[in-house]
Amino acid sequence: MRPSRKLLISALTIIVLTVAAVPLLNLTVYTPARAAEAYIGALEDGNAHRAFSYLSSPTPSSTLALSSEVLSAAPDLPRDAEAETVSVDGDHAKVRLSYTLSSQEQTIDLTMVRLPASAGLFDRWAIEQKEWPTLTLDVSGSSTATVNGYGVSAGSVPVLFPASYLVGFDATYLKSKSERAEVTAPGDSPTITLSPEPTAELEETVTEQVTDHLEDCVKSKTLMPAGCVFGYDTDNEIIGDISWSLERRPQISLTASGNDLELTPSTVEVRVKGRYRDIVTAAEHDLDEKLSFVLGGSVVVRSSQVSFEPRRMGDVSIM
């Protein structure tokens, strides 16, 4: 028999044997339970792209938190997957999946859907998701946050399940403690509320702005400096210019309250000097008074911009 004919017969034999084995392989190897276990295996390896192949839902448009980098940086990933095919009904199946996450054993029931066969022969099963699981990030005072150390937009962030995620916020002017969230099922959508606190850089920036504001105010030659939260009121006639000096600077610290950042109220002392003519006697006298007031105000952080709006807390007192 010629070699070419032998090769043809061998190839046909392999094809016949493969086709004959397909039903058995689909019943024992390419099963819904094996697909569920393979999905967990992809997550355990930090391979988001391979995990996608076992999900029936289209990949969301926002994939910032769906990358292998974010997945690999998770504080904990599932392992020790065991799945059992509970039932098969046409192109749908029910699977009971068990796995370990954060030292806790979890069990969930999954709906599996049959996809177009691989090579036209072997069954392909995927987890059916009505919606992607998400992390809902509620970040006061910011439009961004971090998931496993990677920056994302605040709001609803699609993620892979099951996995643990470390959510936080760390920027130049604001930061927060990291919060841990676990997503254990296809429909999970935990809400993580973050309240960023001011950083040392923000306090330094606000200190500079408060100092600049007060120093600009004491350059004024009038009793009521424009745009300033202090002044000196008198019925007497002022002769010539007056001068101001800053006697006691405020202690700068910030307090976060919800979406608001406030300058912690602090005492400021200024001195006003000049010459005045008494409105009753017309006698001239030197003016030299020390004034005290409590300075507060609001601080707004937008992107990389910081603005301070001063506010006087109570009346100005003469010392």
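Exactly one residue among Val280, Val270, Val301, Val316 is under 30 Å from Leu174 (Cα atoms) and of a type in the set (A, V, I, L, M, F, W, C), and that residue is Val301.
If only residues of segment 155-186 that are of a type in the set (A, V, I, L, M) and within 17 Å of Leu261 (Cβ to Cβ) are counted, the one that is least open to solvent (accessible area, probe 1.4 Å) is Leu174. I need every pair where a residue in segment 278-292 that is within 13 Å of Gly231 (Cα to Cα) and assigned to a strand (DSSP E or B) has its Cβ under 8 Å from the Cβ of a residue that is of a type in the set (S, T, N, Q) and open to solvent by less than 80 Å² (accessible area, probe 1.4 Å), sequence separation at least 6 or different chains. If the second residue must be of a type in the set (S, T, N, Q) and open to solvent by less than 80 Å² (accessible area, probe 1.4 Å), the pairs left are Leu291/Ser317; Ser292/Thr267; Ser292/Ser317.
If the requirement is being open to solvent by 30 Å² or more (accessible area, probe 1.4 Å), in contact (Cβ under 8 Å) with a residue 24 or more places away in the chain and not basic (Lys, Arg), which of these qualifies: Ser220, Ser189?
Ser189
A single member of Ser62, Ser67 is hydroxyl-bearing (Ser, Thr, Tyr), in contact with a strand residue (DSSP E or B) (Cβ under 7 Å, 6 or more places away or on another chain), surrounded by fewer than 20 Cβ atoms within 10 Å (Cβ to Cβ) and at pLDDT below 95, and it is Ser62.
The set of residues from segment 251-268 being over 15 Å from Glu309 (Cα atoms), in a loop (DSSP other than H, G, I, E, B) and either small (Gly, Ala, Ser) or modelled with pLDDT of 90 or more (or both) comprises Gln251, Gly258. The condition (being open to solvent by less than 70 Å² (accessible area, probe 1.4 Å), of a type in the set (Lys, Arg), part of a strand (DSSP E or B) and closer than 21 Å to Cys228 by Cβ) is satisfied by just one residue among Arg312, Arg271: Arg271.
The values are calculated or read from the model by the stated rules, or taken from the named source; none is laboratory data. Predicted model, so just to flag it, every value in this text is computed and none were measured. When we count neighbours, we look across all protein chains shown, and the Cβ atoms used for this are built from the backbone with ideal geometry, even at glycine. Please note that ligands, DNA and RNA were not included when accessible areas were found on the heavy atoms of the full protein model with its side chains. Shrake-Rupley method; radii C 1.70, N 1.55, O 1.52, S 1.80 Å.
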